[in-house]
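Report on the structure given below.
The values are calculated or read from the model by the stated rules, or taken from the named source; none is laboratory data. All figures in this text were calculated on a predicted structure; none of them were measured in a lab. Please note: Cβ atoms are built from the backbone with ideal geometry, for glycine as well, and neighbour counts cover all protein chains shown.
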Amino acid sequence: MTATMLWMPLLNGVLCLAYMAAFIALATAQHATALAWVLAAVFALLWLAAVTRAWLQRGVPPRLQQIYAVAVALIGAALTLVWWRFTDTAGADTGGAAKPTLTWLKSVLFAIALYLLIVLPPRFKWKSGASGILSGLPLVVLGGLLNVAQDGAIDVEVRRALLAQMILGVWLAPAMAVAFIFGVSRLLASPRGHELRTPVVAAGWVLCFAAIIVTGAALRWLATR
């Protein structure tokens, strides 16, 4: 499961970046909302096409997983600094933007994804690799992008600015997820870690949440420099 799961944060991160870049480049005042939904459909089809490839279904080989995790973190950090250095991360003023109207959608999609991950693999006796892919369903990610891009109550230029600001964080997001997957899987692989699997996973989530908070604060600080 870990082998295939490790690909998912990187795949979702690349597709998120493509979605945001396409919306920023193509959105017009008349068709921005329709474009947001069309891009969401394209995003979903690209994800499906990728996860049906043999190389992804084979996953990251165990002997390369540590190298892969370190590489994703280092490359993500480097691209974050490059984006910060050569773009206007502050973007347009978005302080007066209305709150996006699809917050409920993210919650519903997260619940659906969690239900699928818990219920479907045991019921249909899916292979571990399939469960790893299922864990990366981009429903929540897609809901988050739609939360901003489709909202007709917000001026299209403000939506562009919001997505441009989000790009600053997209480079490091896969690194945190990969580190969580790799670290927890390694701990659970040991007999002692397996016996304490609930505390191990809980500790992993706490550390991951702390990393998200710290990284988010650092990115907000960078965006003002």
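Just to be sure I understand the filter: pairs with C-beta atoms under 6 Å, separated by 6 or more residues or on different chains, first member in the stretch 196-225 and among the aliphatic types (A, V, I, L, M), second member outside any helix (DSSP H, G or I). Which pairs pass?
ALA223/THR89; ALA223/ALA90
When residues of the stretch 4-42 are filtered for being within 13 Å of the chain's Cα centre (by Cα) and part of a helix (DSSP H, G or I), how many remain? Before the answer, list the steps.
Quick first cut of the stretch 4-42, residues within 13 Å of the chain's Cα centre (by Cα) only: 5-20.
Among the residues that remain, those that are also part of a helix (DSSP H, G or I) are: 5, 7-20.
Selection size over the stretch 4-42: 15.
Report, by residue number, each residue of the stretch 43-62 that is in contact (Cβ under 8 Å) with a residue 12 or more places away in the chain and in a helix (DSSP H, G or I). Full working, then the answer.
First, pick out the residues of the stretch 43-62 that are in contact (Cβ under 8 Å) with a residue 12 or more places away in the chain: 43-44, 46-47, 50-51, 56-62.
Correct list: PHE43, ALA44, LEU46, TRP47, ALA50, VAL51, LEU56, GLN57, ARG58, PRO62.
Please enumerate the residues belonging to the stretch 1-40 that are buried (at least 18 other Cβ atoms within 10 Å of the Cβ), farther than 12 Å from VAL156 by Cβ and aromatic (Phe, Trp, Tyr).
TRP7, TYR19
Looking at (1) outside any helix (DSSP H, G or I); (2) crowded, with 19+ Cβ neighbours inside 10 Å; (3) at pLDDT below 80, which is the only condition GLY132 fails?
Status for GLY132: all satisfied but (1).
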